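Contents: one structure, followed by commentary.
The numbers here are math on the coordinates, done by the rules we state, and not lab data. Just so we're clear, the structure is a prediction, and the values are computed from it rather than from any experiment. For neighbour counting, all protein chains shown are included, and Cβ atoms are generated from backbone atoms with ideal geometry for every residue, glycine included.
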Amino acid sequence: MNPVQGPHKGSIYILDADRKSREELRDVLQTAGYDVICFADKKVLRKNLKDRAPSCIFFELSKDTSDLEILADLADYPAPLLVTSWYGDIPTAVKIMKAGAIDFVSRPLDHHEIVRRLEIALTERRIQTEGFQVGIFPRRQGLSSREREVIDQIAVGLSSKQIASVLGISWRTVDDHRARIMRKLGVRNAAELMIAIMNGARAE
């Protein structure tokens, strides 16, 4: 792939020991308009993190169990951490999320999906750091009281399971509320929902 860069959207660091794998992800993200810097070694990445804060870090997880220790170490940095891996079973995904990753994307990569997940992660992090207030969201008035509680939690970046724990309901019930919220706001997916929340009511 010969990437054609669009407008600069932010800096992305990639940590992946495999050159071909690094270059594949680099090309996808550069095509989407991101400034990408690749690393094959964790120590070099850590050195660069001291001087420059990226918008996001991608980490390729191998079968090596020590990779989870690297992941936990990287999770201390303020940039959201997205993990990719060929080994995407449920137990591994759970360990990855517990270690501090904001999202996990199994390989092979779907180019549109990886960009969509990145943009969701960056939007969620902006909401967390900027303290977005859902109370001023104009179309919030059309939601039920429970739906308002759910969208309040969505706005601070919580997953369905995390929201379920906060509200004391099942995650399936949260997903039902999320689906109704999306219908009422006229959005088709999670990315559009986050954008609608951030921009007031641009989905009008």
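Overview of results
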{"quantity": "Unsatisfied cross-links (Cα-Cα over 23 Å) in the set Lys9/Lys184; Lys95/Lys184; Lys50/Lys161; Lys20/Lys95; Lys95/Lys161", "calculated": "Lys9/Lys184; Lys95/Lys184; Lys50/Lys161; Lys20/Lys95"}
{"quantity": "The stretch 67-130 shape via C-alpha gyration tensor axes, a/c threshold 1.5", "calculated": "oblate"}
{"quantity": "Inter-probe distance in nm under a simple model that places probes 7 Å from Cα toward Cβ, at Ser144 and Glu119", "calculated": "3.1 nm"}
{"quantity": "Distance between modelled label sites at Ser159 and Ala40, nm, 7 Å Cα→Cβ extension", "calculated": "3.3 nm"}
{"quantity": "For the stretch 11-129, average projected area of the Cα convex hull in nm²", "calculated": "6.8 nm²"}
{"quantity": "Full-stretch length increase - Lys50, Arg172 - with 0.36 nm per residue and alpha-carbon distance subtracted", "calculated": "39.8 nm"}
{"quantity": "Partner aspartates and glutamates for Lys98 [C-alpha distance under 14 Å; skip if fewer than 8 residues away on the same chain]", "calculated": "Asp67, Glu69, Asp73, Asp76"}
{"quantity": "Label-to-label distance, nm, for residues given as Ala190 and Ala17 (7 Å Cα→Cβ offset)", "calculated": "2.9 nm"}
{"quantity": "Rounded Å value of the spacing that divides the Cα centres of the stretch 155-173 and the stretch 43-60", "calculated": "31 Å"}
